[in-house]
1. If you take the residues in the range B:176-195 that are among the hydrophobic types (A, V, I, L, M, F, W, C) and more than 9 Å from chain A (Cβ to nearest Cβ), which one is nearest to the chain's Cα centre (by Cα)?
2. Which pairs have Cβ atoms under 7 Å, sit 6 or more apart or on different chains, and link a residue in the range C:233-257 that is closer than 15 Å to residue C:139 by Cα and more than 9 Å from chain D (Cβ to nearest Cβ) to one that is crowded, with 20+ Cβ neighbours inside 10 Å and modelled with pLDDT under 95?
3. Of the residues that make up the range D:34-41, is at least one crowded, with 22+ Cβ neighbours inside 10 Å and either modelled with pLDDT of 95 or more or in contact with a helix residue (DSSP H, G or I) (Cβ under 8 Å, 6 or more places away or on another chain) (or both)?
4. Which residues, counting only those in the range D:294-304, are closer than 17 Å to residue D:177 by Cβ and buried (at least 18 other Cβ atoms within 10 Å of the Cβ)?
5. So, of the residues in the range C:287-334 that are of a type in the set (Ser, Thr, Tyr) and away from chain D (no Cβ under 14 Å), which turns out to be farthest from residue D:207 (Cα to Cα)?
6. Quick check on my filter: what residues within the range D:176-197 are buried (at least 22 other Cβ atoms within 10 Å of the Cβ) and either touching a His at 6+ places or on another chain (Cβ under 9 Å) or under 21 Å from residue C:332 (Cα atoms) (or both)?
7. Is it the case, given these coordinates, that residue C:87 is part of a loop (DSSP other than H, G, I, E, B) and of a type outside the set (Ser, Thr, Tyr)?
8. Restricting attention to the range B:44-77, which residues are in a helix (DSSP H, G or I), free of Cβ contacts under 8 Å to residues at least 60 places away in the same chain and of a type outside the set (D, E, K, R)?
Number of protein chains: 4
Amino acid sequence: MINIGVIGYGYWGPNLARSVAETDGCRLAGIADFSAAALARAGKRYPGATLHQDVRSLIDDTSVDAVLIATPVATHYEIAAAALRAGKHVIVEKPIAASSDDARRLIEDAARRNLTLMVDHTFVYTSAVQKIGEIIRAGDLGDVYYYDSTRVNLGLFQHDVNVIWDLAVHDLSILDYLLQEKPIAVSASGAGHIRGRQENMAHLSLFYPSGTVAYLNVNWLAPVKVRQTLIGGSKKMIVWNDLEPSEKVKVYDRGVTLGDAPEAVAARISYRSGDMWAPQLSVKEALLTEMEHFVDCVTHGREPITSGQSGLSVVETLEAAMLSLRQRGQPIDICPVRMAS
Amino acid sequence: MINIGVIGYGYWGPNLARSVAETDGCRLAGIADFSAAALARAGKRYPGATLHQDVRSLIDDTSVDAVLIATPVATHYEIAAAALRAGKHVIVEKPIAASSDDARRLIEDAARRNLTLMVDHTFVYTSAVQKIGEIIRAGDLGDVYYYDSTRVNLGLFQHDVNVIWDLAVHDLSILDYLLQEKPIAVSASGAGHIRGRQENMAHLSLFYPSGTVAYLNVNWLAPVKVRQTLIGGSKKMIVWNDLEPSEKVKVYDRGVTLGDAPEAVAARISYRSGDMWAPQLSVKEALLTEMEHFVDCVTHGREPITSGQSGLSVVETLEAAMLSLRQRGQPIDICPVRMAS
Amino acid sequence: MINIGVIGYGYWGPNLARSVAETDGCRLAGIADFSAAALARAGKRYPGATLHQDVRSLIDDTSVDAVLIATPVATHYEIAAAALRAGKHVIVEKPIAASSDDARRLIEDAARRNLTLMVDHTFVYTSAVQKIGEIIRAGDLGDVYYYDSTRVNLGLFQHDVNVIWDLAVHDLSILDYLLQEKPIAVSASGAGHIRGRQENMAHLSLFYPSGTVAYLNVNWLAPVKVRQTLIGGSKKMIVWNDLEPSEKVKVYDRGVTLGDAPEAVAARISYRSGDMWAPQLSVKEALLTEMEHFVDCVTHGREPITSGQSGLSVVETLEAAMLSLRQRGQPIDICPVRMAS
Amino acid sequence: MINIGVIGYGYWGPNLARSVAETDGCRLAGIADFSAAALARAGKRYPGATLHQDVRSLIDDTSVDAVLIATPVATHYEIAAAALRAGKHVIVEKPIAASSDDARRLIEDAARRNLTLMVDHTFVYTSAVQKIGEIIRAGDLGDVYYYDSTRVNLGLFQHDVNVIWDLAVHDLSILDYLLQEKPIAVSASGAGHIRGRQENMAHLSLFYPSGTVAYLNVNWLAPVKVRQTLIGGSKKMIVWNDLEPSEKVKVYDRGVTLGDAPEAVAARISYRSGDMWAPQLSVKEALLTEMEHFVDCVTHGREPITSGQSGLSVVETLEAAMLSLRQRGQPIDICPVRMAS
């Protein structure tokens, strides 16, 4: 039985707390938040959990084996580092830290102490993304040509980060899981329409070593909500519409066939347009899948799917995207600093 | 009565010919195509029109007042220049020419001879775009924050141009009409997935002097057809879905309201979410509206809405986008060469 | 402060309990269920509520002012009658009772004791139905020609009632609210495809004194979920799609205009096709609106919108529909038994 | 080469004429219409066809082998009978005749003279209906539980027939093709909202010997266009949305599984919810498929899929539905008059 403490009981923390409470093999041992009102809500809901107004006291609680950190991004590093020092396993809300340097330090800290460090890239645990991953790994798409995502809606404007750190981070974590390679360059442009606030819309182009390209369209100031991703392959193509109540993932047997004859280039292209297939998806909640995975990783010392390394990779791309955005799309190389091993 | 000749009776020419035949004030006088089969089809359909296998002979026909040019892009300049020299008014298929230099020469030729030079930016004449223009000019959107368009489908791959010259050109002509300003810089990235062919997908970011930004997503290798544009303003926002059988244009009374108090930035942002309104659109075909406008411009010596200048502006942006695309999104300034006047 | 007890903590009871807990002016005083497991869940969630494994003991609790009954239909009458005899105000889950005779007795019991009797026709309290009601009462639709509803999905099969008593009851309660008149006849047909079970699909045609007609299509065995209602009027028409995340209600300025000239019947019909308008709907949860209304009715002695009378009217129509269904659509007159007053 | 004459060049006739012109093995020999304007349009389009202002003169033309009749319903019988007497093969627009008696006479006339009599039930030749037929005949759906169709839109109001004869006729012909059995009873209700006109909306319930039921919802006065059919089977279910540009037919691996244990009825029902599959459909136009079939039937003396018998079956059901509609849903038995053979 793993005793888990939740740090931060604001917008996302209650979801994490619930997922701990509903997962076998772990127990919701404590909840920390500096807000008395938040703690009161938490206590009413989970009378069995110890409440801490001071994060430190939860981290110092020796009965706690692991912590979930759902606090503002700027505080991720400090709290996670303290928890690791106290010998706790850690799940950090996305993004793992406010800088890649901080992310690297957390990875090293966890490795040195043989602790599990996981980042809460929730989308990776959805049945939609897992099914897409299966399809790609089975080779059904052939070569992955592109990933093209539209993730727009009206608000919520974040105070501390811009729309890239808030929304594009989802796609970056999904790409890290699906493609199993890291982008080598990024071009980003964006705009902020509200005086005194960071960018509320942005477009990113990501370039991968294999030739795959990814395009991300994120926007907090759109009149309608769209969550649609096209994934094109040499054999088949996918449309993933996350707002569909069912049939979120559709696989199209469509594409282009190139003939062999070198002379008549124009005539060599023909279109395939075959059946469409929408696989049945599990209705299991992503957070529960994720929490079971965490329990399994802690128990058996396994590397999480959304490890500190994947968290680092996402932050490295975010940093490069910010540089590019400041220069209207100037492409920026992503050169990960190698870690001493 | 304006006698009009159609040059090129391949994919688009028959539509132009039909629109001439159905418009008052003009007459389909002749059709030219080097293909005997195309001419045979044309003759069967329009027994009253003179058929020319040689473009030259149609241009030399003194009974012809104006020509419509629907030939491959590479031939636009030569044919249009010859027609202007022969004293004909001209409509050229989009884009107006393969280079901005050629476009400038056509504009000068037409101006010198007091001839009407129009480019067939058909979308500008759709009831959807005209209604959006009305709404913007009436100030209903407030400041235009952004124009974000997705224009993707499976094929047709063009032989002579890439997807930017084929699909993005539509949005560039629409933007020229709606915004009444020219972009000052562009960042573009793209990819070609078919060996030996040009780019089949691309993303463009356009920057305007007023602060408006435009994003274009064009793709010939998508599993589904999408024609959706979001237009965000400080007061209202528009969703234009051109594939909807009705309600193509929806106006949302949604946005963000910024308070005055300087101290509490976070608290100052509030959301508005009001009614949605879908104006009734005329069902008149865009090509007929366009042809009537051409007749009117020729008859009264008026400047067309889609003048040579707008054709030039589009080509200048296309050229800059190509430069940027070759450099993975490197932003390129658009500095129009001023014409001697 | 009204002390409220909830009887039945199975599928729907927890929603009612929550709505009591979240509404000002009332208090969740007690919960009754014969299942120990259900009671345990309830107690964990609402430590302040008294738990009763025997319904009788909750009804006998003199500190309880009102009860919400969410038990199987067959038990509604007995429990509600006992509660009224004990001087409690009552909300009964839909349908109010298993027979119109029972419904009439409850109405008389409540009237005699000056107690509030309300039936939980939840849909009447949704912002969509309330907005449609406003639009109709304002005369914007003109004469209401028809109400045509499709309410189909896969499962849940009910054990004790057929699909009419489970799904059509929603539309009947909505119609009672919107039309403010009672149907005079019904024709129904249906089919049961699962051996040994009641009908899982049915179609009802309802005839109203004013000439309005209503059609209901209900089905537990459909591959997809549909919740769409068309409402046609002489001036405007409505499409209500309850599965839309936003724009659930769309008002179309469309219809037919009939000229005056008597001679040329064919020529007299012309179509109007104008704007569409989707009013902003409140996001307030229907159950909270309903519970506030109940508190208001109890406090001020007002007649609920979804009174016992509306519950009776719905059951009378259900009974007539069952008779018709057994005879393959044979129309059945609905002749309400007049109550002694 | 079969010489074909088209009688009636109004709304539908031009489509038939075009399909003749584009089909191998037949020739558009003549066109008859009493309107000089219609004939002028026809002549311009088809200079090779003989024009007849008098139907009689086309029927008497001995060079004509077959006629297509696209005139008002009331005239179908007289013209078809005359054509058969003159030894012509015949395609009649749907419905085959204004009464079942007339339909029977045409069938007898054609049989006596060994002529092909076909009714233009166009939908039967669409790739969607043909694919659904394949799926049903392959047994993939299992037992067909129901067919539930919504076919509504705004206008066109017909002058001579009501909405059942105009729209429900499509579903009746599709059902005749898909189910290969005839309904034994029908219950219909409807309403006419325009003074002096026939019913503009109706609902039909059809009962088949096998236990299959069919429900048809037809309406000329709906704010939006809907063409959606649900087909439920014991193994799988279909959603056919004819307005979808692609994926018109979706097959859902969903349903209910009934266990064997007799004692626990409630527990025995479980839901299956598996993959969805949208078969690729041919893009060939239905009218061309139909015309090729006609040429094949005439050439080889085969019975058409949409034979006079299927035309008769549809009209018998329409007649019974009209009787039921006049009595508010009173079920009417359909007892086909046996023909002397």
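The values are calculated or read from the model by the stated rules, or taken from the named source; none is laboratory data. This one's a predicted model, so the numbers in the text were calculated from it and none came from an experiment. Don't worry about glycine lacking a Cβ; one is built from the backbone with ideal geometry, like all the others, and counts go over all protein chains shown.
1. Ranking the candidates gives B:178 first.
2. Hits for this filter: C:235/C:255.
3. Within the range D:34-41, none of the residues are crowded, with 22+ Cβ neighbours inside 10 Å and either modelled with pLDDT of 95 or more or in contact with a helix residue (DSSP H, G or I) (Cβ under 8 Å, 6 or more places away or on another chain) (or both).
4. If the condition is that a residue be closer than 17 Å to residue D:177 by Cβ and buried (at least 18 other Cβ atoms within 10 Å of the Cβ), then D:294, D:297, D:304 are the ones that fit.
5. The residue in question is C:299.
6. D:176, D:186, D:187, D:188, D:189, D:190, D:191 - these are the residues of the range D:176-197 that are buried (at least 22 other Cβ atoms within 10 Å of the Cβ) and either touching a His at 6+ places or on another chain (Cβ under 9 Å) or under 21 Å from residue C:332 (Cα atoms) (or both).
7. When the stated conditions are applied, residue C:87 passes them.
8. Result: B:55, B:57, B:58, B:59, B:75, B:76, B:77.
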